[in-house]
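Peer 1: My questions all concern the structure below.
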Amino acid sequence: MELRIIAEFSKDEVWLNAFKDGQDLHSVLCAMTFDIPIEDVKKETPFKKGVTYRDVQKTINFGLAYGMSEFKLADTMEIAVKDAKDIINKFFKAVPKVEKFLTGLGKLGKKRGLIKTSKPYSRIRWFGNWQQAVEQDDFKIMGEIERASKNTPIQGTNGDIIKQALIDVQEEIYKNNWNCKIILAVYDEIQTECHESQAEKWKIKLDELMVNAAKKVLLEVPVVVDCGIHDYWQK
């Protein structure tokens, strides 16, 4: 969901087309970042044993949502900072609209002292130490605000979507007397328990409810839900 949120709001053609065409985004971006054929993305990298090119790309893609720096990537992948910086630069060269989107969020948070999640929710995250950072010209605090400003609209919007889905699921259970109950939510996953006789029908309904909740935010990027039936909690 985080990657779909980035695609929706950055409008980057590579990301959008990957999701619209049902491609594996990590593999598509990996081939571009490392200049390798897409069929080679699962080959082991020369710089860390047991780690594939796709593993590195996946780390970069998800790290974007946390404001990851070249230092963090270098530490995670056990490579030189210069090499990590080169990888990130090449990646952003391939998807400049993603870089522009994330940079814009960081600047907005530093300018206003707050950042919002996506419409229609527009929840505000205030940065309580922003005024202090402005008055003292504190680069450390501003750096923290910048990273949080990149992260909040992505993870926060993901949180808004799952909360909307939880509301919709509970209302559906009440309204149509499903023999079902919500057990818990794990990040962007909803765990429910229902009578075995309703399992197949409930799976279809739960899938529909979660997709519709996401579509309130994701207007262009297709939404996919992986819903399964098990007699115990499976990851």
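Peer 1: Please indicate, with yes or no, whether at least one residue in segment 94-106 is of a type in the set (D, E, K, R) and buried (at least 18 other Cβ atoms within 10 Å of the Cβ). Show your work before the answer.
Peer 2: So the first thing to find is which residues in segment 94-106 are of a type in the set (D, E, K, R), and the list is 97, 99-100.
Restricting the remaining residues to those that are buried (at least 18 other Cβ atoms within 10 Å of the Cβ) gives 97, 99.
Yes, segment 94-106 contains a residue that is of a type in the set (D, E, K, R) and buried (at least 18 other Cβ atoms within 10 Å of the Cβ).
Peer 1: Here is a list: 189, 196. Which entry is among the charged types (D, E, K, R) and either over 18 Å from residue 218 (Cα atoms) or buried (at least 18 other Cβ atoms within 10 Å of the Cβ) (or both)? Show your work before the answer.
Peer 2: Values: 189 fails: either over 18 Å from residue 218 (Cα atoms) or buried (at least 18 other Cβ atoms within 10 Å of the Cβ) (or both).
Answer to the check: 196.
Peer 1: If I filter segment 71-91 for residues that are in contact (Cβ under 8 Å) with a residue 40 or more places away in the chain, closer than 29 Å to residue 30 by Cβ and part of a loop (DSSP other than H, G, I, E, B), do I get at least one hit?
Peer 2: Just the residues of segment 71-91 that are in contact (Cβ under 8 Å) with a residue 40 or more places away in the chain, to begin with: 87, 90-91.
If we keep only those that are closer than 29 Å to residue 30 by Cβ as well, we get 87, 90-91.
When the remaining residues are screened for being part of a loop (DSSP other than H, G, I, E, B), the result is none.
No, segment 71-91 has no match at all.
Peer 1: If you don't mind, there's one more thing I want to ask. Restrict the check to segment 93-115 and report whether at least one residue is at pLDDT below 95, in a helix (DSSP H, G or I), of a type in the set (D, E, K, R) and more than 17 Å from the chain's Cα centre (by Cα).
Peer 2: Scanning segment 93-115, I find at least one residue that is at pLDDT below 95, in a helix (DSSP H, G or I), of a type in the set (D, E, K, R) and more than 17 Å from the chain's Cα centre (by Cα), so the answer is yes.
Peer 1: Considering (1) touching a Gly at 6+ places or on another chain (Cβ under 7 Å); (2) part of a loop (DSSP other than H, G, I, E, B); (3) among the basic types (Lys, Arg), say which one residue 150 fails and leave the rest.
Peer 2: Every condition holds for residue 150 apart from (2).
Peer 1: Another question, if that's okay. Taking segment 131-184 as the search range and keeping residues that are in contact with a helix residue (DSSP H, G or I) (Cβ under 6 Å, 6 or more places away or on another chain) and among the small types (Gly, Ala, Ser), which one is surrounded by the fewest Cβ atoms within 10 Å (Cβ to Cβ)?
Peer 2: In this case the residue turns out to be 133.
The values are calculated or read from the model by the stated rules, or taken from the named source; none is laboratory data. Model, not experiment: these values are computed from the prediction. Note that we place each Cβ from the backbone using ideal geometry, even for glycine, and neighbour counts take in every protein chain shown.
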